[in-house]
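To start, the structure itself, in C-alpha cells.
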Amino acid sequence: MSVDPSSIPNFGGRPPQSGQSGQSGQQGQQQGQPKKPVGPILPDQELVKRLLDQMKLKYVVDKEGDLVAPWEQFRTYFMFRGEKQQRIFSVRTFYDRQHTIEDKARLLETVNDWNRRTLWPKVYTHTHDDGSVRLIGEAQLLIGMGVALDQFISSTVSWVRASIEFDKWLVETLGLAKDADSAEEGTDSGEAGAEAADTGAAEGTAGDDGSSLDKGDADETGDGDKGPRAD
C-alpha cells in the first residue's frame, strides 16, 4: 500500500528552470509520468484533496473552507493556518462521543496515558457550557519554509490512521461496549483507505510496540469552533 509522490501534481514545488529539463525530462513526459517535485514544497488544500482521494476517504469543505473527513463517531479536519514562515498544517479530530463532567477525571487519566506512550496525536478534553465533555486530538506540522513531499504524505497518512486507532483504543480502554461495533466499522473503512496510502509512512510513525496515534472530539454543532485548547 503506497502513495506514489510522483503521481501527485506539484502544488507549490519549485518549477523546473527554463532550458534545464534535459533529455531525461523529455523522456519522462513522453512516457506520461509526472515528475516528482525537486526540493521542498509548500503544501496546500489541493494537495490534501488529491491525497485523500488516493486514500479513498470521503471529505467535504465546511463553511470556513477547511476540509473535513467524517466518520461514525468523529470528524477529522485538515486545516492551514498562519502566514509566510509561520504557516502551519494541522490535522485535528473532534470526537463526537459525549461524556459527563463526572467522567472528566477518568478521561484525563486515560488521555494522559495515551499522550505519554504515543507520539501523536496529542489528545485533550474540552468542557462545553452544558457540562458535557468531549475529546479533541491534533497534530501539526510547520510548513512555512517548505517540506519534503514524502514527509508531508507520511505525516498526513500516519495522523489519519492514528485518529482512527485512538477511537478504537478509547472504546477498549474505557469499556464502551455499546459503541464498539460502530467504532470498529469506522476503523475498518478508514484503515482500508489509509492502506491505499503510504505504508512506509504509516509504519514509520507508529511505535515498534504497535502503539498508534490519534485525535479528539467536539460538539456536533461546533463545526465553526475548531480552536478550543486544552482545559
Task: Failed condition for L119, given (1) within 22 Å of L52 (Cα to Cα); (2) in a loop (DSSP other than H, G, I, E, B) - done: (1)
TODO: Take V111 and decide whether it is part of a helix (DSSP H, G or I), open to solvent by less than 80 Å² (accessible area, probe 1.4 Å) and modelled with pLDDT of 95 or more.
DONE: yes
TODO: Output the residues belonging to region 129-150 that are surrounded by 14 or more Cβ atoms within 10 Å (Cβ to Cβ) and farther than 30 Å from V38 by Cα.
DONE: S132, V133, R134, L135, I136, G137
Open item on the list: So, E184, is that one modelled with pLDDT under 95 and of a type in the set (D, E, K, R) or not?
Closed with: yes
Task: Sole exception among (1) out of contact with any His (no Cβ under 9 Å at 6 or more places or on another chain); (2) of a type outside the set (A, V, I, L, M); (3) open to solvent by 10 Å² or more (accessible area, probe 1.4 Å); (4) outside any strand (DSSP E or B) for H126, by number - done: (4)
Open item on the list: So the check is Cβ under 6 Å with 6+ separation or different chains; which pairs have a first residue in region 120-137 that's under 12 Å from L107 (Cα atoms) and a second one that's part of a strand (DSSP E or B) and of a type in the set (D, E, K, R)?
Closed with: H126/R134
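Against the definition (part of a helix (DSSP H, G or I), of a type in the set (V, I, T) and either within 18 Å of E138 (Cα to Cα) or modelled with pLDDT of 95 or more (or both)), how does V68 come out, yes or no?
No, not satisfied.
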Task: region 82-118, residues that are in contact with a strand residue (DSSP E or B) (Cβ under 6 Å, 6 or more places away or on another chain), of a type in the set (S, T, Y) and in contact (Cβ under 8 Å) with a residue 60 or more places away in the chain - done: T93, Y95
Task: Members of region 76-108 found to be in contact with a helix residue (DSSP H, G or I) (Cβ under 7 Å, 6 or more places away or on another chain), among the hydrophobic types (A, V, I, L, M, F, W, C) and either crowded, with 19+ Cβ neighbours inside 10 Å or part of a helix (DSSP H, G or I) (or both), listed by number - done: F78, V91
TODO: Would you point out the residue of region 38-58, among those that are assigned to a loop (DSSP other than H, G, I, E, B) and out of contact with any Pro (no Cβ under 8 Å at 6 or more places or on another chain), that is nearest to L135 (Cα to Cα)?
DONE: L57
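The values are calculated or read from the model by the stated rules, or taken from the named source; none is laboratory data. Remember, predicted model here, so these are calculated numbers, not experimental data. Neighbour counts run over all protein chains shown; Cβ positions are idealised from the backbone, glycine included. We work out accessible area using only protein heavy atoms, side chains counted, and drop any ligands, DNA or RNA first. Shrake-Rupley method; radii C 1.70, N 1.55, O 1.52, S 1.80 Å.
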